Structures are given as C-alpha cells and as structure tokens.
Amino acid sequence: MNIVEIIRNKRDCLELSTEQIEYFVKEYAYGNIPDYQIASLLMAIYLNGMSEREILDLTIAMAKSGEILDLSAIPGIKVDKHSTGGVGDKVTMIVMPLVASFGVPVVKMSGRGLGYTQGTADKLEAIPNFKINLELDELIRNVKKIGIALVTQSENIALADKKLYALRDVTGTVESIPLIASSVMSKKLASGADKILLEVTCGSGAFMENEIRARKLAETMVKIGNMAGKETIGVLTNMNQPLGRFCGNALETKEAIDTLKGKGESDVIEVCCVLGAYMLKMAGIGNNIVDNMKKIQSKIDSGEGLEKFRELVQRQWGDTRVIDETERLMTAKYKIPVLAEQSGYIEKIETKNIGQAIINLGGGRLKKEDVIDYAVGIEVEKKIGDKVNAGDVLLHIYANNEDVGKEQVEFLRNSYKISQEPVPKIKAILDIVENENA
Ligand code: URA
C-alpha cells in the first residue's frame with residue numbers, strides 16, 4: 001500500500017478501496033504516515049468528496065482505531081443522542097432523564113464545550129461535586145440501578161479521529177460533509193449504543209449555517225448509521241437564535257431544571273418532546289410520534305423526569321439541593337442589560353456572537369485546557385419576530401468582571417438586526433431525516 005498513490009487517486013476523483021482507507025487511518029493513528037501527506041489527502045477529500053461506501057469505510061476504520069464500548073451487560077435497547085452543537089442547547093439534560101423515566105436505558109457520552117458551543121459535560125459540572133468521568137463498570141452499574149448515566153466521552157474512543165480532527169482544524173478541512181459525518185459517526189458507533197438519534201443544528205449559531213448543507217449532513221449521517229447496522233434518525237433543529245432563554249453553563253443547567261419542573265420555554269419543550277418521541281419510538285415504546293410527544297410531556301407534568309434527574313445527580317455525587325434551590329448554582333456578580341437603540345421587529349440574531357461573548361466572559365474554551373467560569377452567560381429577552389421599542393432590553397449579560405461584561409454590550413447589540421416590518425417567528429424543528437429504505 002502506498003500513501004502517495006492514495007493521495008493521487010483521491011486527487012483524480014477515483015474511489016478509494018476499503019483496504020486503502022483502512023491503511024491510511026491505521027497507519028496515521030500509529031504515527032507511520034506524516035501529517036503533510038494526510039493533510040494533502042484531507043484537502044483532496046474536501047475538494048472531491050467521498051462516496052457513501054467510502055464514508056462508511058472511513059467511519060468504521062476510525063471507530064476501530066480506538067476502544068469500542070461493550071454495553072451488552074445493560075439489558076434493553078440503548079438509544080444514544082448526539083447534537084452537532086448550538087448556543088443555549090440544554091436539551092440533553094432534559095430529554096435524557098425524561099426518556100429514562102420510561103425505563104429506557106440511557107447511556108449518554110457528552111463532550112465539553114469548545115469554541116462558541118458549550119458542552120453538556122461542562123453544564124453538568126456546574127452542579128457542585130457532580131462527577132462526570134465514570135469508569136465503564138461504574139457507568140454500567142449506574143444504568144442498571146437507576147436507568148441513566150451522563151458521562152464524558154472516553155479518551156480512548158476513535159483515536160484516529162482525534163488526530164485527524166486536530167489536523168483538519170489547522171488545514172482548512174473541517175467543513176467537509178464526508179469528514180464531519182465520519183468523525184461524528186465513528187464516535188457514535190464506538191460508544192456502544194444500539195440506536196442513534198442525531199440533533200443536527202442549522203443556522204447562525206451552528207456549525208452548518210445553511211439548511212441545504214445541514215440537511216445533507218443529516219442525510220449522510222443517517223445513511224452511514226443505518227448502513228453500519230444501527231437505526232439512526234436525524235432531527236434538523238433551528239439555530240438561527242439561541243434555544244430557550246439562557247446560554248452559559250450554570251444558567252443552562254438552571255433552565256434545564258426549571259423545564260423539568262414544567263416552567264420551560266416553548267421552543268425548548270418542543271425540541272425535547274420531538275427528540276424524546278423519536279427516542280421512545282426507537283426504543284420500541286409506541287410508533288406514533290404525536291402520541292409519544294404527549295407521553296414525554298406527561299413525564300414533565302408528573303414530575304417523573306425531574307425525579308429521574310435528581311436520582312442521576314445523586315448517583316453521580318452531585319449536590320441535589322440545587323434541584324429545589326437552583327440559586328445554589330453559581331451566579332455571576334454583575335447583570336448588565338443590552339438595550340435596543342431603535343424600535344421595530346427582531347429580524348436576525350448573529351447567534352454565534354452570543355457564544356463568542358460567553359467565551360469572552362470566561363465561560364467557554366478556545367483550547368481544550370482552558371479553565372471556565374460556570375456562572376457567566378447571557379439571558380435572551382428578545383427573539384426573532386418579537387416587537388421591540390427603543391430602550392427595551394434585548395439581552396442581559398451575566399459577568400464576573402464588570403469591565404469585560406461592559407465590553408460585550410456593543411458587540412451583542414450589533415448582533416441583532418431590527419426591521420421596520422413585522423417578522424414571523426421561526427420554527428424550532430425544521431425537519432426529520434429518516435432512512436429512505438426504512
Ligand atoms: N463534531 C465532530 O465530532 N466532528 C466534526 O468533524 C465536527 C463536529
């Protein structure tokens with residue numbers, strides 16, 4: 001096998017064989033192929049794409065490059081959920097306890113925040129003492145005992161993806177659908193669940209700003225998951241504005257708890273009910289999505305979702321007092337309003353800027369090693385379609401450093417576009433992507 005020939009083949013738009021893909025993934029993971037040759041290959045993939053078969057082969061080769069978790073000791077159908085990331089997306093903390101309250105085993109491995117999106121692992125760590133790193137045997141014990149574990153992803157999963165992702169990051173090859181799809185799905189296949197639900201975010205606060213590309217990514221991942229033998233469904237969600245009211249780690253944890261108490265924002269509830277309904281369907285609890293949505297809502301109304309969250313926090317050593325007294329979660333010293341300078345209707349929000357402001361406030365990471373301030377964040381008062389008068393509050397900034405907080409005011413004000421004409425509200429769910437052969 002010759003890496004130069006593999007690069008030439010991809011450069012000339014030829015399909016790579018399964019053996020060629022296995023070879024470059026394995027040898028790169030072992031350090032036997034230098035970065036410059038893989039960088040060249042990644043650029044050829046970026047420019048010329050990959051067939052479905054090639055993407056599947058790449059996904060499987062990357063999954064096999066690390067540990068493949070064996071969750072077979074947990075009885076029942078295990079449905080995993082993955083989000084491609086957004087601003088204010090606290091859905092995992094809400095939907096997973098709700099689904100677990102039906103007796104569906106929930107094992108969810110979540111990432112930490114990087115860049116303008118936050119990660120569920122950090123949000124849960126905003127709960128004092130919450131232990132997010134569990135060994136596999138502890139995780140399995142917890143799921144057998146209480147039906148749910150929310151943990152960080154094992155460091156040993158899809159090792160080749162870690163190296164390839166770092167190289168893509170510095171070679172302008174991140175935004176390739178075959179590379180994103182194989183990267184996400186390799187980790188999902190290695191995580192041991194039986195079925196996969198994907199929340200594919202789309203809009204100004206997402207990786208995929210454009211709906212055509214988001215849909216293509218969702219279709220590709222759904223196809224790859226199903227070809228790999230794991231039923232996979234994608235839900236396209238709208239990230240043209242933050243989801244819910246709060247963005248920032250502790251603030252989102254508080255919002256998740258409030259939602260489980262029945263005090264949620266309508267867009268958060270809608271996304272949780274739709275995602276939960278598909279998870280129930282995949283777990284064999286009812287095929288009718290509208291009925292399943294009502295079932296999910298009933299677990300909010302009865303408080304069973306909240307009680308499952310309480311069990312989870314207790315089992316993972318967190319301080320359960322935060323559930324009844326959310327003011328025990330860290331709060332920032334300063335609350336700074338951002339006021340509208342003109343009247344009209346909110347037409348557009350540069351949602352990424354809200355994520356960026358949270359990084360500027362110290363609540364997000366630019367590098368994996370960065371330490372974060374859980375308390376800082378943003379409260380969104382006005383969303384697309386809302387009427388505003390000059391002087392109304394668009395957002396509140398929660399800061400621990402007043403100067404840094406004030407520095408975000410103009411930046412955030414300019415992230416809102418106000419129209420003189422009425423603007424319709426936007427939908428939270430854009431579409432469902434299922435396997436066309438299902
Ligand atoms: N998330 C991933 O895990 N991989 C990508 O390539 C992009 C987003």
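The values are calculated or read from the model by the stated rules, or taken from the named source; none is laboratory data. Predicted model only: the values in this text are computed from it and were never measured. Cβ sites come from the backbone with ideal geometry, for glycine too, and all protein chains shown count toward neighbours. We work out accessible area using only protein heavy atoms, side chains counted, and drop any ligands, DNA or RNA first. Shrake-Rupley method; radii C 1.70, N 1.55, O 1.52, S 1.80 Å.
Tabulated data
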quantity: Positions within the stretch 366-387 being within 16 Å of ARG245 (Cβ to Cβ) and either among the basic types (Lys, Arg) or outside any loop (DSSP other than H, G, I, E, B) (or both), in sequence order; calculated: GLY377, ILE378, GLU379, VAL380, LYS382, LYS383
quantity: The one condition in (1) open to solvent by 10 Å² or more (accessible area, probe 1.4 Å); (2) of a type in the set (A, V, I, L, M, F, W, C); (3) within 14 Å of the ligand (Cβ to nearest atom) that PHE246 fails to fulfil; calculated: (3)
quantity: Among residues of the stretch 135-160, those that are acidic (Asp, Glu) and either open to solvent by less than 10 Å² (accessible area, probe 1.4 Å) or within 24 Å of GLY305 (Cα to Cα) (or both), counted; calculated: 1
quantity: Sole exception among (1) under 28 Å from ARG213 (Cβ atoms); (2) over 25 Å from the mean Cα position of the chain (by Cα); (3) open to solvent by 10 Å² or more (accessible area, probe 1.4 Å) for TYR36, by number; calculated: (1)
quantity: Extreme residue, farthest from LEU361 (Cα to Cα), among residues of the stretch 88-121 that are in contact with a helix residue (DSSP H, G or I) (Cβ under 6 Å, 6 or more places away or on another chain), within 16 Å of the ligand (Cβ to nearest atom) and modelled with pLDDT of 90 or more; calculated: LYS108
quantity: Selected residue (only one of LEU139, LEU150 is farther than 17 Å from THR201 by Cβ and in a helix (DSSP H, G or I)); calculated: LEU139
quantity: TYR398 vs. criteria over 15 Å from LYS348 (Cβ atoms), of a type in the set (Phe, Trp, Tyr) and buried (at least 19 other Cβ atoms within 10 Å of the Cβ); calculated: yes
quantity: All helices (runs of 4 or more DSSP H) inside the stretch 282-363 with 2 or more residues being among the polar types (S, T, N, Q) and either touching a His at 6+ places or on another chain (Cβ under 6 Å) or within 30 Å of LEU412 (Cα to Cα) (or both); calculated: 351-361
quantity: Residue list for the stretch 366-389, restricted to those being crowded, with 18+ Cβ neighbours inside 10 Å and within 19 Å of the chain's Cα centre (by Cα); calculated: ILE372, TYR374, GLY377, ILE378
quantity: Residues (in a loop (DSSP other than H, G, I, E, B), under 24 Å from LYS261 (Cα atoms), touching a residue at least 60 places away in the same chain (Cβ under 8 Å) and open to solvent by 10 Å² or more (accessible area, probe 1.4 Å)) located in the stretch 74-103; calculated: ASP89, SER101, PHE102
quantity: Subset of the stretch 165-187 (residues that are open to solvent by 10 Å² or more (accessible area, probe 1.4 Å), under 14 Å from ILE60 (Cβ atoms) and either near the ligand (Cβ under 9 Å from one of its atoms) or not assigned by TED's automatic domain parsing to the domain that holds ALA218 (or both)); calculated: VAL184, LYS187
quantity: Any hit, the stretch 224-237, residues being in contact with a helix residue (DSSP H, G or I) (Cβ under 9 Å, 6 or more places away or on another chain), among the polar types (S, T, N, Q) and within 14 Å of the ligand (Cβ to nearest atom); calculated: no
quantity: So ASP122, is it among the acidic types (Asp, Glu), over 26 Å from GLY303 (Cβ atoms) and touching a Phe, Trp or Tyr at 6+ places or on another chain (Cβ under 8 Å); calculated: yes
quantity: Enumeration of residues in the stretch 341-371 that are among the hydrophobic types (A, V, I, L, M, F, W, C) and over 27 Å from THR237 (Cα atoms); calculated: VAL371
